[in-house]
Amino acid sequence: MSLFTPLAQAQSRRVRYTPPSNLGTPIVSTPGATRSVCETTEACLIGLVPDLKAENAPVPQTISESPTFYFLIPETDGRGYFYLSEADSSLPEGKRVYRTSFKVKSKAGILAFKMPTVKGASILKLDKTYVWKFTVGGLTDSGTVRGSIRRVLPSPNLVVQLKKALLPLDRAALFAQEGIWFETVQTLADAQQGISKKPEIVSEWNDLLKSAKLDRVLPYSFLKGVVLSEPTSERTSPPKQSYVY
C-alpha cells in the first residue's frame with residue numbers, strides 16, 4: 001500500500017505555475033484551444049503552453065531574450081514554419097516581426113525551438129505582447145498551433161532568489177511562482193537531458209503538464225538537440241536590453 005495519497009502527492013509538488021496578472025495587458029485573439037490540432041488518438045501537433053482558453057487570459061511570460069518554445073510533433077518528414085507578430089488590435093494577426101523555417105524529420109516527440117537574437121538584440125521588446133504560430137508541412141493531419149508570449153524583466157525578489165538557487169528544481173519552482181512559464185518549462189526540460197534522469201525532476205515535469213492539461217504529451221520524450229535557426233526578420237532592431245539570470 002502506498003504511503004502517498006493523491007492529496008499528499010499534490011501537496012508535495014514544488015513547481016506550481018501561477019499565471020501572471022492580466023492588468024495592463026491587451027487582449028490577444030489567440031484562444032488557448034488553438035495550442036493543439038489533435039484529431040486522432042496518436043501523437044499530434046501541440047504547443048506546450050498553459051491551458052488558457054479565454055481570449056483575455058494572462059499571456060505566458062518569459063524573461064529571456066531568446067526563449068525556447070516546445071512542441072509535441074508526430075512522426076514526420078517535412079518542414080516547420082514559425083511566425084511571430086506583435087499584437088495589434090488594428091490587424092487581425094498582428095504586425096509580423098519574425099519568421100523562419102527549418103527541416104523536421106523525426107519520430108514523434110517533443111521538439112525544442114530556440115528563438116535567436118538579431119544583431120545581438122532580442123526580437124521581443126520588453127512588456128510587449130506577441131502572438132506566434134507554428135505549423136509543420138508534410139503532416140497527414142496538418143494544422144497550425146498558436147499562442148502568445150510577453151517578455152518582462154524579472155522582479156527584484158526573483159533576481160535575488162535565483163542567485164541563491166543552484167538546483168534546477170529550485171529554479172523551476174521560483175520561475176513558476178513568479179508566473180514565468182517559458183523558463184519554468186525550459187528549466188525542467190533541460191534537467192532531463194543526459195543519460196540519467198532524477199525521478200523528482202520527471203515527477204515535477206509530469207505534474208506541470210497535467211496541471212496545464214497537457215496529458216497527451218506525457219508518453220513522449222524530448223527529441224535530440226534544440227532547433228537553432230537563422231531568422232528571416234521583418235523588423236527594425238530595438239535597443240539591446242540584456243539580462244543574465
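The values are calculated or read from the model by the stated rules, or taken from the named source; none is laboratory data. Because the structure is a prediction, the values reported are computed rather than measured. Backbone-built Cβ (ideal geometry, glycine too); neighbour counts: all protein chains shown. Just the protein is used for accessible areas: all its heavy atoms, side chains included, with ligands, DNA and RNA removed. Shrake-Rupley method; radii C 1.70, N 1.55, O 1.52, S 1.80 Å.
Seen through its C-alpha gyration tensor, with square-root eigenvalues sorted a ≥ b ≥ c, the range 89-169 comes out oblate because a/c lies at 1.5 or above while a/b is not bigger than b/c.
Treating each Cα of the range 75-126 as an identical point scatterer and summing with the Debye formula, the log10 of I(q)/I(0) at q = 0.22 Å⁻¹ comes to -0.92. For a modelled paramagnetic label at ASP170, 7 Å from Cα along Cα-to-Cβ, the residues of the range 179-214 in reach, with backbone nitrogen under 16 Å, are 188, 201.
Surface composition of the range 146-186: carbon plus sulfur atoms contribute 59% of the solvent-accessible area (1.4 Å probe, protein chains only, all chains present). Leaving out ligands and nucleic acids, note down the accessible area per residue over the range 62-155 with a 1.4 angstrom probe, in whole Å². Accessible area per residue, the range 62-155: 40 Å².
Extension gain, THR18 to VAL159: 0.36 nm times the residue separation minus the Cα-Cα distance gives 49.0 nm. Per the 1.4 Å probe, what fraction of the accessible area of the range 81-130, in percent, lies on carbon and sulfur atoms? Result for the range 81-130: 47 percent of the exposed heavy-atom area is carbon or sulfur.
From most to least packed by mean Cβ count within 10 Å, the peptides 72-81, 156-165 give 72-81, 156-165.
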